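Structure first, commentary second.
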Amino acid sequence: MNFGLKGFLLCMLGSLLIFAGLVYHSISFVTDSKPSSQAAEGKKIFQRKACIECHTIFGNGGYNGGDITHIYEKYGTEALNSFFTNPPLLGGAKYARHMQLTRQESEYMSAYLKFLHSINTLDWPPEPAYNNAIR
Amino acid sequence: MIRSQHLSCKYALAAFLLFGLQGIVANGGAIELVLSDLRLPIDFTAGRSFHLNISIYWTLIGMMGAIYFFFSQETKQEIYIVKHINFNFWLIIATIGMSLGSLLLGFNDGREYLEAVWPLKILLAGSTLIFGYMLFRTYLNSIVPKSRATLISMLAGSLTLAIFYLPNIVSYDHPSIDEMMKYLVVHLWEEMTLELMGTGVLAALLINMTKADRRVAEAAIYLDISFMALGGILATGHHYYWIGVPELWIWIGGFFSAIQIIPTIVLLYAVFQTTKFESFSKFNYHEKITLMLIGSSMFYHIFGAGFTGLFMAYPPINRYIHGTYIVSAHSHLALFGVFGFLVLAVSFYILFTKVTLSKTLYQWCVVAIFSLNLGLLTMSAGLTIAGGLQAYCWYVFGLSTADTNTLIKPYLAIRILGGLMYSAGSTILTYAVLKSIWPQLKSIFTDNCYASDNRYYKERLVLTLFKSLIKKQREAAALLQKIKEIVNRSVR
């Protein structure tokens, strides 16, 4: 077999094998905490309403609506429920409002956001450096 | 041109049409981000997912066509079951049509870049499986050396296309697993699969067009794709830093992302070493446009994807710029800048083997390429500044998302300006292609390619002639019989 081909196959298959092993390890690591059935329902609503087009989760998604991985920490269930069922105007808009959810949907969504907050994201997003000084 | 190459022309045409459409649609979303109260007929979520999906689809369909075209050229034979090139084309066109249509109607799977609903994902996976299988069988049947680097590169890319897509047909309850799987397509398709396919296609094109030395090119391609596999696969880790997986990904992602710059440099070195650009003026109009598009792709490969990516994947920097518009700038430069221009180049080359490019349209194409580049750079500059401001406002000042959005609006307006320049370019280029190809449009969609230098066609031609000979013989026999009867009658 050609030397170049051997080298390429070794790099490719070796990397794929190591990658697959690491992904398997990571999957068993994250599944230590499973989402509750309510949180899983919330995730389905999150997907159906295409929330990811404006918001980011773990920093991935649309960059306009801000990251909501740890939003639960800031507001809690009650405030989130009232936000979803009675959505305010979008930032800078006079008419356009945030998407509305029913009471049931909003409870599922809050459960999902609570679960998201429980995931360890290695201190991402970083805390603002001058947070206290500004306020 | 052999039959496989003729049949793959329609892929190139479809790529151009989708590319033209994408340029126009994306502007709507960009405007809506600045003017929040603007009520466009298409919802922002639908529009953005349309934009993300079409950007993958047109590069994918263009690349598939280019692979069929150059794979049959490099193996010097027809693709295995040649008529399936047609079947796969209509399958993927139907899938793309239904996916984009369903997204506009509001059916959304809610995973970025993978928004199409699952039945349509199965169709797309089916199409990539058929594609991989056809190429694998062609490779096995080929009589050229099996270790030919262009073939290996294209084949490895085509086979991994389906492998990385399959886990994404379903979504998972745990958001971290969802993210991990998503990057098999979002990262590994771009930085591994398309990269392998692109390298093979580019090498085949340059060997063919500039008569580069194959032996030198082979060694360079192997070096390039080996580093690509070594760096690209484990560099997926740079998407895994903050998604809830073990911390070891920060080390793996950081280290292998740094390696990823090597194949970029090797590729650049190889292109300049193996290509003999004796003088640019010797080339035809369409070859000049192809080279300009390849040049653009190379530029973004080095600066838009390579060095920017290296800088962004360094974990301490990534921590602050992750989740801002800087990432958006990078993905525009890397996805369109590298693969968009490359697919445009090869699709352009393929289509203009059928027709000639007039001088006027050549000039318009030059204007279009200039406009595309200027638009892309303006767009990315606007987005980079907007992203930098986001990081500064959020992580230094602790401003809210809404306040930050008000602050960055001027830079998002610059993005719109860039977007308009870009879509002017994309519209002109698509128009020039369509106008040139229009007289030949019917022949692209009919399977009537006969070339004398191909075994398949010789056999088919001989068979047809033989059949008509038998038919003529029967007619002659019938006529003879009649003559006989008449003669017999007159004798009596």
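The values are calculated or read from the model by the stated rules, or taken from the named source; none is laboratory data. Note that the coordinates shown come from a computational prediction; the quantities given were computed from them, not determined experimentally. Note that each Cβ is placed from the backbone with ideal geometry, even for glycine, and that neighbours are counted across all protein chains shown. Just the protein is used for accessible areas: all its heavy atoms, side chains included, with ligands, DNA and RNA removed. Shrake-Rupley method; radii C 1.70, N 1.55, O 1.52, S 1.80 Å.
Summary table below
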read-out: So A:Leu89, is it farther than 20 Å from B:Leu389 by Cβ and within 13 Å of chain B (Cβ to nearest Cβ); value: yes
read-out: The one condition in (1) open to solvent by less than 10 Å² (accessible area, probe 1.4 Å); (2) more than 7 Å from chain A (Cβ to nearest Cβ); (3) touching a residue at least 40 places away in the same chain (Cβ under 8 Å) that B:Gly237 fails to fulfil; value: (3)
read-out: Test result for A:Thr31, open to solvent by 40 Å² or more (accessible area, probe 1.4 Å) and facing chain B (nearest Cβ under 8 Å); value: yes
read-out: Filter result (away from every other protein chain (no Cβ under 14 Å) and not in a helix (DSSP H, G or I)) within the range B:105-158; value: B:Ser142, B:Ile143
read-out: Top-ranked residue in the range B:297-324 [being within 14 Å of B:His238 (Cβ to Cβ), touching a Phe, Trp or Tyr at 6+ places or on another chain (Cβ under 8 Å) and assigned to a loop (DSSP other than H, G, I, E, B); ranked as most open to solvent (accessible area, probe 1.4 Å)]; value: B:His322
read-out: Subset of the range B:233-270 (residues that are in a helix (DSSP H, G or I), in contact with a Leu (Cβ under 7 Å, 6 or more places away or on another chain) and not β-branched (Val, Ile, Thr)); value: B:Phe256, B:Ser257, B:Ala258
read-out: Where B:Gly375 falls short, out of the listed (1) more than 14 Å from chain A (Cβ to nearest Cβ); (2) touching a Phe, Trp or Tyr at 6+ places or on another chain (Cβ under 8 Å); (3) over 18 Å from B:Ala329 (Cβ atoms); value: (3)
read-out: Unique match (being charged (D, E, K, R), open to solvent by less than 70 Å² (accessible area, probe 1.4 Å) and either part of a helix (DSSP H, G or I) or touching a residue at least 24 places away in the same chain (Cβ under 8 Å) (or both)) among A:Lys6, A:Lys43; value: A:Lys43
read-out: Wholly enclosed helices (runs of 4 or more DSSP H) of the range B:325-402 bearing at least 3 residues of a type in the set (Val, Ile, Thr) and touching a residue at least 40 places away in the same chain (Cβ under 8 Å); value: B:341-351, B:359-392
read-out: Meets criteria (hydroxyl-bearing (Ser, Thr, Tyr) and surrounded by fewer than 24 Cβ atoms within 10 Å (Cβ to Cβ)) for B:Ser226; value: yes
read-out: Qualifying residue in the range A:51-59 (condition: open to solvent by 40 Å² or more (accessible area, probe 1.4 Å) and among the charged types (D, E, K, R)); value: no
read-out: Any hit, the range B:342-363, residues being open to solvent by 30 Å² or more (accessible area, probe 1.4 Å), within 20 Å of the chain's Cα centre (by Cα) and not basic (Lys, Arg); value: yes
read-out: Selected residue [in contact (Cβ under 8 Å) with a residue 40 or more places away in the chain and within 22 Å of B:Ser153 (Cβ to Cβ)] from B:Asn88, B:Asn53, B:Asn27; value: B:Asn88
read-out: Complete set of residues in the range B:8-54 that are touching an Asp or Glu at 6+ places or on another chain (Cβ under 7 Å) and either closer than 19 Å to B:Ser328 by Cα or open to solvent by less than 10 Å² (accessible area, probe 1.4 Å) (or both); value: B:Phe44, B:Thr45, B:Arg48, B:Ser49, B:Leu52, B:Asn53
read-out: Condition met for B:Gly101 (exposed (fewer than 15 other Cβ atoms within 10 Å of the Cβ) and not in a helix (DSSP H, G or I)); value: no
read-out: Yes/no for B:Phe107 being surrounded by fewer than 20 Cβ atoms within 10 Å (Cβ to Cβ) and either touching a His at 6+ places or on another chain (Cβ under 9 Å) or among the aromatic types (Phe, Trp, Tyr) (or both); value: yes
read-out: Condition check for B:Gln22: touching a residue at least 60 places away in the same chain (Cβ under 8 Å) and within 18 Å of B:Trp90 (Cα to Cα); value: no
read-out: Scan of the range A:38-48 for residues that are more than 13 Å from B:Tyr172 (Cα to Cα) and more than 7 Å from chain B (Cβ to nearest Cβ), ordered by number; value: A:Gln38, A:Ile45
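Matching residues to (1) more than 7 Å from every other protein chain (Cβ to nearest Cβ); (2) within 16 Å of B:Pro175 (Cα to Cα):
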position	(1), (2)
A:Met12	no, no
A:Asn64	no, no
A:His70	yes, yes
A:Gly76	yes, no
A:Ala79	yes, no
A:Phe84	yes, no
A:Tyr95	no, no
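Yes/no matrix, rows are residues, columns are (1) crowded, with 24+ Cβ neighbours inside 10 Å; (2) without any contact (Cβ under 8 Å) to a residue 12 or more places away in the chain:
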site: B:Leu161; (1), (2): yes, no
site: B:Tyr172; (1), (2): no, yes
site: B:Met181; (1), (2): no, no
site: B:Thr193; (1), (2): yes, no
site: B:Gly200; (1), (2): yes, no
site: B:Ala217; (1), (2): no, no
site: B:Tyr222; (1), (2): no, no
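The rows are residues; the columns are (1) hydroxyl-bearing (Ser, Thr, Tyr); (2) more than 29 Å from B:Ala329 (Cβ to Cβ); (3) touching a strand residue (DSSP E or B) at 6+ places or on another chain (Cβ under 7 Å).
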| residue | (1), (2), (3) |
| --- | --- |
| A:Arg48 | no, yes, no |
| A:Cys51 | no, no, no |
| A:His55 | no, no, yes |
| A:Asn60 | no, no, no |
